[in-house]
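The values are calculated or read from the model by the stated rules, or taken from the named source; none is laboratory data. Every value quoted in this text rests on a predicted model; they were computed, and no experiment measured them. All Cβ positions, even for glycine, are placed from backbone atoms using ideal geometry, and neighbour counts span all protein chains on display.
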Amino acid sequence: MPRGHHDLGGTPAGPIDRTEHQLDDWEILADAVNQALGAKGIRRTDELRRAREQMDSDLYRRLSYYERWIASLETILIEKKLLTKEEVDRKVAELAAKWGEP
Amino acid sequence: MADHVAAQAGESEHGHPRHELSAYARRVYAIRDILLEKGILTGEEIQAQIEYIEARTPANGARLVARAWVDPEFKKRLLADPKAACSEMGIDATSLNEFVVLENTEKVRHLVVCTLCSCYPRPILGRPPDWYKSFNYRARAVNDPRGVMREFGNDVPDAVEIRVHDSTADMRYLVLPVRPKGTESLSEEELQKLVVRDSLIGVVDPLPAVPEQGV
């Protein structure tokens, strides 16, 4: 079985970037929505991990940390039939219109 | 920041996010709104999580360590039953499954990583630093811990053994660093200031005692 894209221990890697960034509001929100769903027993940590470990490998490497959280959260919520991708797409378009962006 | 997010759940007073958002960032606002509309979550529940995590900071870890340095009986309890010792200090660690405190000595240094993702004692220390979640730290901590620690300015002598601990969702770690030399006269509060966050993860030692400045 090939090594999963998440299984990084011991793989070749360069220097560690020690720059820290102040979280943006969307990152704080991603964290809080995730934790709130966990607190209510709607999703489990292992489920989100599975979603991140099974996502497209290029995407896993390309996305930032909280982008990966959001992608895996959407996957799990769709699996649980709590929402659909189309609902999220529609809501994204609605918000863009409300925010006055192209 | 908490209040700002509280009021608008991530939007500015004009209802716009403050920055250009990536496609995924947009989706979390959409997901949030759908979960609220369907009654799966409430705004209060989301806000409670923001307040919970922002109240957790490395200062909690510093309090545990400084107490352990000044009170050998507390140190024994901290190592034997970390969650109970946290509770004694008013720190709620009950949401962690297994929680282990690793005692550094002159001969052994412990280093904590989560190679698979980002597991961290969040109920105690808050969110992990960016570097802890980085691919390069996750990759190298297990096979080049000495090199990693050197990058953080921590030259661990060859005679000192380094033990690396890979965290999981069920097992979280906190390092109890060695008390710096020359700190015998410092108060518990002064000692807390030496216990920087990264020393609780094990990549560095606590700050050295600052010699008193002459006038």
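Key figures for this structure:
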read-out	value
Residue among A:58, A:24, A:46, A:31 that alone is in contact (Cβ under 8 Å) with a residue 24 or more places away in the chain and out of contact with any helix residue (DSSP H, G or I) (no Cβ under 6 Å at 6 or more places or on another chain)	A:31
Members of segment B:100-113 that are farther than 21 Å from residue B:150 by Cβ and either at the interface with chain A (Cβ under 10 Å from one of its Cβ atoms) or under 13 Å from the mean Cα position of the chain (by Cα) (or both)	B:101
Meets criteria (among the small types (Gly, Ala, Ser), surrounded by fewer than 21 Cβ atoms within 10 Å (Cβ to Cβ) and not in a loop (DSSP other than H, G, I, E, B)) for residue A:10	no
Which numbered condition residue A:7 fails, given (1) facing another protein chain (nearest Cβ under 7 Å); (2) under 26 Å from residue B:54 (Cβ atoms)	(2)
Residue check, residue B:19 part of a helix (DSSP H, G or I), touching an Asp or Glu at 6+ places or on another chain (Cβ under 8 Å) and either loosely packed, with under 15 Cβ neighbours inside 10 Å or at pLDDT below 95 (or both)	no
Candidates A:31, A:17, A:58 - the one that is under 16 Å from residue B:133 (Cα atoms), charged (D, E, K, R) and surrounded by fewer than 18 Cβ atoms within 10 Å (Cβ to Cβ)	A:17
Lone unmet requirement of (1) over 18 Å from the mean Cα position of the chain (by Cα); (2) within 8 Å of chain B (Cβ to nearest Cβ); (3) in a helix (DSSP H, G or I) for residue A:97	(2)
Subset of segment B:118-174 [on the phi > 0 side of the Ramachandran plot and surrounded by 17 or more Cβ atoms within 10 Å (Cβ to Cβ)]	B:126
Wholly within segment A:15-86, helices (runs of 4 or more DSSP H) carrying at least 1 residues that are at the interface with chain B (Cβ under 9 Å from one of its Cβ atoms), within 30 Å of residue B:150 (Cα to Cα) and of a type in the set (Ser, Thr, Tyr)	A:65-79
